[in-house]
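The values are calculated or read from the model by the stated rules, or taken from the named source; none is laboratory data. This is a predicted model, so every value here is computed, not measured. Every residue, glycine among them, receives a Cβ derived from its backbone with ideal geometry; neighbour counts consider all protein chains shown.
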Protein chains: 2
Amino acid sequence: MRLDLSIPALRARYLDGSLTPRQLVAQLHAQMLAEDAALERHIWIRRLTLEEMQAYASALDGRDPATLPLYGIPFAIKDNIDLGGIPTTAACPDYAYTPEVSATVVQRLIAAGAIPVGKTNLDQFATGLVGVRSPYGACKNSLHPDYISGGSSAGSAVSVALGLASFSLGTDTAGSGRVPAMLNNLVGLKPSVGRIPATGVVPACRTLDVVSVFALTAGDAATVLAAAQGQDPLDVYSRNLPPHGHNFGAASSFRFGVPREADLEFHGNPEGPAQFAQAVAHLVALGGTPVEVDLRPFRAVATLLYEGPWVAERYQAIRAFIEATPEALHPVTRAITEKGIQISAPDTFAALYKLKELQQQTLPVWNDIDCLVTPTASTAYTIAAVQADPIRLNSNLGHYTNFVNLLDLAAVAVPTGFMTEAMNHMPWGVTLVAPAGQDLPLLSLAARLHTRTVPTVGATSHAPHLQPAAAPDTAAFPSGLVRVAVCG
Amino acid sequence: MRLDLSIPALRARYLDGSLTPRQLVAQLHAQMLAEDAALERHIWIRRLTLEEMQAYASALDGRDPATLPLYGIPFAIKDNIDLGGIPTTAACPDYAYTPEVSATVVQRLIAAGAIPVGKTNLDQFATGLVGVRSPYGACKNSLHPDYISGGSSAGSAVSVALGLASFSLGTDTAGSGRVPAMLNNLVGLKPSVGRIPATGVVPACRTLDVVSVFALTAGDAATVLAAAQGQDPLDVYSRNLPPHGHNFGAASSFRFGVPREADLEFHGNPEGPAQFAQAVAHLVALGGTPVEVDLRPFRAVATLLYEGPWVAERYQAIRAFIEATPEALHPVTRAITEKGIQISAPDTFAALYKLKELQQQTLPVWNDIDCLVTPTASTAYTIAAVQADPIRLNSNLGHYTNFVNLLDLAAVAVPTGFMTEAMNHMPWGVTLVAPAGQDLPLLSLAARLHTRTVPTVGATSHAPHLQPAAAPDTAAFPSGLVRVAVCG
């Protein structure tokens, strides 16, 4: 029986003295070796050695577990996020560099007591939602190795689902922190843009990128967010977001948006409609009133992301590298990224105007609902299927995720069930979405929903450790009203 | 002796019955004919006929002057802003179209009682700060016909300065509402981006354009702003900005930023330093404390505007036209605009990142000051000089204006004096700058400064009618603190 790595479970053991970080690291390392022997899932690009992990564990010697919110909590890091002294590859070996200092978010987590255990595999340069676009191997799903892990934060999701880390860091530009959460039966927090600084993260689209969190429960994600968030002067896109939003934890009722029937798309997954209906029924049972939402302007934004100029940000992010050594890239990644240089500045501004128009069209929706609920992804694909049709199936997976960052929204993916034998019992889930800054309210509702749905977390046999997620430290606001304080 | 067209002066006569809008229009029309005969200043692209003006005047028959804030107030319209039924040319005859409806701002002003008198000459497609880039002739300065009017809102400034309209509408992307104000001894209000909707305005740079106001006094500009402002669903870049900022009218003291000595540039104007020092002395006498500001990040933003991708917005704005008939453009305008298509999307995003960095660098400045004060323009050029060196001198004129819209700032240009015989007694002035939304506080300080400076308005012999400008309808805030309410 493996350890329950949920944060409250580990914390209780550290506080009662039945476990030390050194002991945890030793046990975890042995599990990792056993895991490698059992299955080649291509989770890690660089797992830390026992000695490297123990160095972080021993730094906690003499510290009081009660004073560090993440004391001895093991976490995995997507390999486009810097960990000092360990190479960052972004899943491109020729691109690798070894940073002297860790990313700001990693520094903050370590300062809060967390222990890094390794750098995880990803779709190269975080371009993809599948987890197969990596020279380090296609990352295999934690519940069924024929299936994709989802991406781009592939190994980050699988490592947590397999019980090799309590939580992990991903990045999410178009869905990379949500699709793998669903496919591995995890909570995926896609924070508001800028809430967690991106200093020390290899950019994909700098204006849209966020650092995301995979966790066993919404409560764990809230604990990590509290340690990770806050403006960093080194990242000009980072920002402080005052707490606000509907207090789903305390309020007796709420209104949630549901896409119109015509907007629901499951890409041939016969079980999608029933799964989504079941999730909606759970939310109704929790006091929610469904409100039909016209998803067309949201979907138009998603189309804009794929057809618009933002791919040029991916080009700009690795410009010197791709211009010098284009053959060093994964062929799919290269084909996508090289489109960026063919787009003109006038076309770029035209797309920015179009985005602004669509943003304005979506704003009134938030007067009628406290959050939007969609499937996280329409279906689950096998690795073989994606390898045979790499662009189209990838695009299908982003159907409900692509619009979120362009519209400056926060999102939490929540597991809500497992499909049947016909779909190999793969997990399924929904995503709760609200305007930027409402991360904590969404986590609060996610925690309530999670209590009603799946009995186990990730690919483990552990029940979710369902402490209530932190409520926003503010009174509940009327729907749609957002308070912002700006200096300048 | 010409009429004093300031709003309170006209309003008093309408209220006491000594003047009617029909009488005003008749007198104004006669003056315009006399003006044409005396000097060919190339102010108008299309002056309204007496009959056209009288139609607007007669629409006020039976209305109570007390109920309409702009009852019978004549105004001129830059010819890139639509007036229903009259061609809009943007100073490019082949581009001309005749709109059925007026621009939103024009509709609002007419609804408030204002009477349009004509469409004014401009630098073609609002590209320029000089007023000479027009096939309708180089617009001549109101005080000395050898000098440029400034641009691009050339005729709008000159018409008000000559007493042919009470106020006028310009547009201002990089300084077009401020440079002509200084050169014609007027107040130039460059509102916060989006405060006045741009629906029905030919775009230059859609993300930066604002509709601006030339007025005889800051109080008049505030009256016009009150009627013109407010979000328009048809312009997605328009927005409501709640009142806030330092209450310069009521507060006994304030802090104003002054560029470091090294940042002051007068482009060879020997009288600039003394003129600026005098303006600073006036502000000190009003209770202001000067605070030295490092203008370098602001200047870096200005450079970015000139060298960056925003010219591509100008290309996109007239894309079908310039691609079909490039020879229809003024050669200087064409050369500038065609650069836009050569810029790539990756370069565009790189410039957006750079702008974001520079924006962040400038933000702390606003903790130390309640407004920034700079020269409006470094110097005054003759038409001959600009025609001989059209790009460089144009660029010089934007030294203190180019950064303002990119940094989302509001600005008011105020006359502060006349230069000596050596500079042909041309007028001089400063611009007050503060973060978006602080338009009214800036107008309030502008009104106080104007009382201390020039004895006459525009090119007329009338004294400024110095009623106090409307104070912001809110308590004074501590410096640098801005309150924003956002829905969504």
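Criterion first (farther than 16 Å from residue B:369 by Cβ and either buried (at least 24 other Cβ atoms within 10 Å of the Cβ) or modelled with pLDDT under 95 (or both)) does residue B:405 satisfy it?
Numbers: farther than 16 Å from residue B:369 by Cβ: yes; either buried (at least 24 other Cβ atoms within 10 Å of the Cβ) or modelled with pLDDT under 95 (or both): yes.
Taking the combined requirement at face value, the residue satisfies it.
Go over the candidates A:449, A:442 one by one and state the one that is out of contact with any Leu (no Cβ under 6 Å at 6 or more places or on another chain), surrounded by 15 or more Cβ atoms within 10 Å (Cβ to Cβ) and modelled with pLDDT of 85 or more. Step through it out loud before you land on a result.
Values: A:442 fails: out of contact with any Leu (no Cβ under 6 Å at 6 or more places or on another chain).
Every option except A:449 fails the conditions.
Of the residues A:218, A:198, which is touching a helix residue (DSSP H, G or I) at 6+ places or on another chain (Cβ under 6 Å) and at pLDDT 95 or above?
Values: A:198 fails: touching a helix residue (DSSP H, G or I) at 6+ places or on another chain (Cβ under 6 Å).
Answer to the selection: A:218.
Of the residues B:122, B:129, which single one is under 21 Å from residue B:426 (Cα atoms), outside any helix (DSSP H, G or I) and within 12 Å of the chain's Cα centre (by Cα)? Before the answer, list the steps.
Details: B:122 fails: within 12 Å of the chain's Cα centre (by Cα).
Among B:122, B:129, only B:129 is under 21 Å from residue B:426 (Cα atoms), outside any helix (DSSP H, G or I) and within 12 Å of the chain's Cα centre (by Cα).
Restricting the search to region A:98-119, which residues are part of a loop (DSSP other than H, G, I, E, B) and of a type in the set (D, E, K, R)?
A:100
Does region A:465-486 include one or more residues that are modelled with pLDDT under 90 and crowded, with 24+ Cβ neighbours inside 10 Å? Can you show your working first?
Within region A:465-486, the subset modelled with pLDDT under 90 is A:465-486.
Add one more test, that the residue is crowded, with 24+ Cβ neighbours inside 10 Å, and what stays is A:469, A:472.
Among the residues of region A:465-486, at least one is modelled with pLDDT under 90 and crowded, with 24+ Cβ neighbours inside 10 Å, which makes the answer yes.
List the number of the failed condition for residue B:155; all other conditions in (1) part of a helix (DSSP H, G or I); (2) surrounded by fewer than 24 Cβ atoms within 10 Å (Cβ to Cβ) hold.
Condition (2) is where residue B:155 drops out.
Residues that are of a type in the set (Asp, Glu) and within 14 Å of chain B (Cβ to nearest Cβ): does region A:389-400 have at least one? Step through it out loud before you land on a result.
Our first condition is that a residue be of a type in the set (Asp, Glu); within region A:389-400, this holds for A:389.
Filter once more, so that each one left must be within 14 Å of chain B (Cβ to nearest Cβ): none.
Checking region A:389-400: not a single residue is of a type in the set (Asp, Glu) and within 14 Å of chain B (Cβ to nearest Cβ).
Can you tell me which residue among A:76, A:55, A:66 is closer than 21 Å to residue A:155 by Cβ and not basic (Lys, Arg)? Working first, answer last.
Numbers: A:55 fails: closer than 21 Å to residue A:155 by Cβ; A:66 fails: closer than 21 Å to residue A:155 by Cβ.
Being closer than 21 Å to residue A:155 by Cβ and not basic (Lys, Arg) holds for just one of A:76, A:55, A:66, which is A:76.
Would you check if there is a residue in region A:215-222 being surrounded by fewer than 22 Cβ atoms within 10 Å (Cβ to Cβ), more than 19 Å from residue A:154 (Cβ to Cβ) and over 12 Å from the mean Cα position of the chain (by Cα)? Even if it seems obvious, please write down each step before you answer.
Residues of region A:215-222 that are surrounded by fewer than 22 Cβ atoms within 10 Å (Cβ to Cβ), as a first pass: none.
Taking every residue of region A:215-222 in turn, none turns out to be surrounded by fewer than 22 Cβ atoms within 10 Å (Cβ to Cβ), more than 19 Å from residue A:154 (Cβ to Cβ) and over 12 Å from the mean Cα position of the chain (by Cα).
Which of the helices (runs of 4 or more DSSP H) contained wholly in region A:358-440 include at least 3 residues that are closer than 24 Å to residue A:215 by Cβ?
Values: elements: A:365-368, A:383-388, A:390-397, A:403-406.
In region A:358-440, A:403-406 are the helices (runs of 4 or more DSSP H) which contain 3 or more residues that are closer than 24 Å to residue A:215 by Cβ.
Residue A:220 fails exactly one of the following numbered conditions: (1) away from chain B (no Cβ under 14 Å); (2) acidic (Asp, Glu); (3) under 16 Å from residue A:410 (Cβ atoms). What is the number of that condition?
Looking at each condition in turn, residue A:220 falls short on (3).
Considering only residues that are part of a helix (DSSP H, G or I), at pLDDT 95 or above and surrounded by 17 or more Cβ atoms within 10 Å (Cβ to Cβ), which ones fall in region A:30-55?
A:52, A:53, A:54 - these are the residues of region A:30-55 that are part of a helix (DSSP H, G or I), at pLDDT 95 or above and surrounded by 17 or more Cβ atoms within 10 Å (Cβ to Cβ).
Could you identify the single residue in B:30, B:26, B:37 that is within 24 Å of residue B:122 (Cβ to Cβ), of a type in the set (A, V, I, L, M, F, W, C) and more than 26 Å from the chain's Cα centre (by Cα)?
Selected residue: B:37, the only one of B:30, B:26, B:37 that is within 24 Å of residue B:122 (Cβ to Cβ), of a type in the set (A, V, I, L, M, F, W, C) and more than 26 Å from the chain's Cα centre (by Cα).
Tally time: how many residues in region B:90-124 are out of contact with any Pro (no Cβ under 9 Å at 6 or more places or on another chain) and either crowded, with 24+ Cβ neighbours inside 10 Å or of a type in the set (Lys, Arg) (or both)?
6
I'm told residue B:233 meets every condition in (1) without any contact (Cβ under 8 Å) to a residue 12 or more places away in the chain; (2) of a type outside the set (Phe, Trp, Tyr); (3) within 18 Å of residue B:400 (Cβ to Cβ) except one. Can you identify the failing condition by its number?
(3) is the only condition that residue B:233 fails.
Among what's in region B:353-374 and is surrounded by fewer than 18 Cβ atoms within 10 Å (Cβ to Cβ), among the charged types (D, E, K, R) and more than 8 Å from chain A (Cβ to nearest Cβ), pick the residue that is nearest to residue B:293 (Cα to Cα).
B:368
Would you confirm whether or not region A:137-145 contains a residue that is on the phi > 0 side of the Ramachandran plot and in a loop (DSSP other than H, G, I, E, B)? Full working, then the answer.
Residues of region A:137-145 on the phi > 0 side of the Ramachandran plot: A:137.
With in a loop (DSSP other than H, G, I, E, B) added as a condition, the list becomes A:137.
Taking every residue of region A:137-145 in turn, at least one turns out to be on the phi > 0 side of the Ramachandran plot and in a loop (DSSP other than H, G, I, E, B).
Checking the conditions here, which among A:350, A:377, A:335 is free of Cβ contacts under 8 Å to residues at least 40 places away in the same chain and more than 7 Å from every other protein chain (Cβ to nearest Cβ)? Write out each step before concluding.
On the way: A:350 fails: more than 7 Å from every other protein chain (Cβ to nearest Cβ); A:377 fails: free of Cβ contacts under 8 Å to residues at least 40 places away in the same chain.
Result: A:335 is the single residue among A:350, A:377, A:335 that is free of Cβ contacts under 8 Å to residues at least 40 places away in the same chain and more than 7 Å from every other protein chain (Cβ to nearest Cβ).
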